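A quick write-up on the structure given underneath.
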Amino acid sequence: DGGITQSPKYLFRKEGQNVTLSCEQNLNHDAMYWYRQDPGQGLRLIYYSQIVNDFQKGDIAEGYSVSREKKESFPLTVTSAQKNPTAFYLCASSPPSSGRSYNEQFFGPGTRLTVL
Amino acid sequence: DAKTTQPTSMDCAEGRAANLPCNHSTISGNEYVYWYRQIHSQGPQYIIHGLKNNKTNEMASLIITEDRKSSTLILPHATLRDTAVYYCIVRALIIQGAQKLVFGQGTRLTINP
């Protein structure tokens, strides 16, 4: 089945440790995104990538890093510099244009990160 | 991107039509209206989008006023599975490349049996 997978669903880390969240898609999508969601709030864009080996900062990139070495994978590292890392992290991807009027984003199930 | 205003929460009876309003009075001529929804603890799901004409798909209908300053998402026969947070997003269409979306707090729709 095609889709976006994020693992693990729940992740616990000690304060001061870096942690990497996985995001894999087999939809052949070019663009991928990382969002953060805090309780009762909307999603905020952390980083996005339009193509392999290219990525741009979103609205809240400080304390995060990403890589895009493969089309299928867009891992997010939450570094110790991120002051409030506990949140729900969502990965998304969108397809190439191919004449479509809009490339909707497809979201993964999310990873809930808790820093103790 | 134009700012949107949505009610914080709404209730609807199962089987009735759920009408979710969105105000976007500062929308520009090239900006579209998009709707996503997020069921609890899941990733958001695309519903529908439109520019100025009314749209309908298998999930919902989108009614955009003639002046484009507001819109309404209609779920014609709401079910318990439609309980979710609904996000109204306004931004210009990008044919290629990444589509940066700004999600506000949305409307928490509760469908009651």
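In a Gaussian network model over chain B where Cα atoms closer than 10 Å are linked, find which of B:73, B:62, B:51 has the largest mean-square fluctuation. Answer for the Gaussian network model of chain B: B:51. Since only B:49, B:4, B:28 are under comparison, the one whose Cα sits farthest along the positive direction of the charge dipole of the protein assembly as shown, derived from C-beta charges on Lys, Arg, Asp and Glu, is B:4. So which residues in segment B:9-45 end up with at least 20 square angstrom less accessible surface once the other protein chains are there, compared with the chain by itself, probe 1.4 angstrom? Output list: B:36, B:38, B:41, B:43, B:44. Proximity of backbone amide H atoms, modeled 1.01 Å from N, is registered between residue B:10 and B:108, B:109, B:110 at under 5 Å, excluding neighbours fewer than 5 places apart on the same chain. Amide H to amide H, with H built 1.01 Å from N, residue B:83 comes under 5 Å of B:111, counting only residues 5 or more places away or on other chains.
Name the most mobile residue of A:15, A:104, A:62, meaning the one with the largest mean-square fluctuation, in a Gaussian network model of chain A with Cα contacts below 10 Å. Its mean-square fluctuation being the largest, the pick is A:104. With K and R counted +1 and D and E -1, the other residues having a Cβ less than 13 Å from that of residue A:47 yield a net charge of +2.
Between A and B, buried accessible area from a 1.4 angstrom probe totals roughly 2000 Å², ignoring ligands, DNA and RNA. Here the Karplus curve 6.51 cos²θ - 1.76 cosθ + 1.60, taken at θ = phi - 60°, turns the phi angles of segment A:81-92 into couplings of 6, 6, 5, 10, x, 5, 5, 9, 10, 10, 9, 9 Hz, with x standing for Gly and Pro. For segment B:98-113 and segment A:72-93, write down the distance between their C-alpha centroids in whole Å. For segment B:98-113 versus segment A:72-93, the Cα centre distance is 21 Å.
Across A:75, A:96, A:85, mean-square fluctuation computed from a Gaussian network of chain A (C-alpha pairs under 10 Å connected) peaks at A:96.
Basic side chains Lys and Arg get +1 at the Cβ, acidic Asp and Glu get -1 at the Cβ, and with that the dipole of chain A about its Cα centre reaches some 260 debye. Projecting the alpha carbon convex hull of the protein assembly as shown along each direction and taking the average yields 12.8 nm². Only lysine pairs 8 or more places apart, or on different chains, with alpha-carbon atoms under 19 angstrom apart are counted in the protein assembly as shown, and they number 11.
Applying a 4.7 Å Cβ-Cβ cutoff to chain B, the cysteines left without a disulfide-compatible partner are B:12. Using only alpha carbons, chain A has a radius of gyration to Kirkwood radius ratio (Rg to Rh) of 0.96.
Taking amide H positions as modeled 1.01 Å from N, with prolines and chain starts lacking one, the residues under 5 Å from residue B:103 and 5 or more places away or on another chain are A:43. Surface composition of the protein assembly as shown: carbon and sulfur atoms hold 48% of the protein heavy-atom accessible area at a 1.4 Å probe. Between residue A:53 and residue B:112, the distance separating the two model label sites (each 7 Å from Cα on the Cα→Cβ line) works out to 5.9 nm. Projecting label points 7 angstrom from Cα along Cα→Cβ for residue B:55 and residue B:19 puts them 2.1 nm apart. Accessible surface calculations at 1.4 Å, restricted to protein heavy atoms, place the protein assembly as shown at 50 Å² per residue.
Just add up the charged neighbours of residue A:68: K/R +1, D/E -1, any other residue whose Cβ is under 15 Å from the Cβ of residue A:68.
On the way: positive: A:57, A:70, A:71; negative: A:24, A:30, A:54, A:69, A:72.
That works out to -2.
The values are calculated or read from the model by the stated rules, or taken from the named source; none is laboratory data. The structure displayed is predicted, hence computed values, not measured ones. Cβ coordinates were reconstructed from backbone atoms using ideal geometry, including for glycine residues, and neighbour counts include every protein chain displayed. For the accessible areas, the whole protein counts, side chains as well, though only heavy atoms, and no ligand, DNA or RNA atoms are used. Shrake-Rupley method; radii C 1.70, N 1.55, O 1.52, S 1.80 Å.
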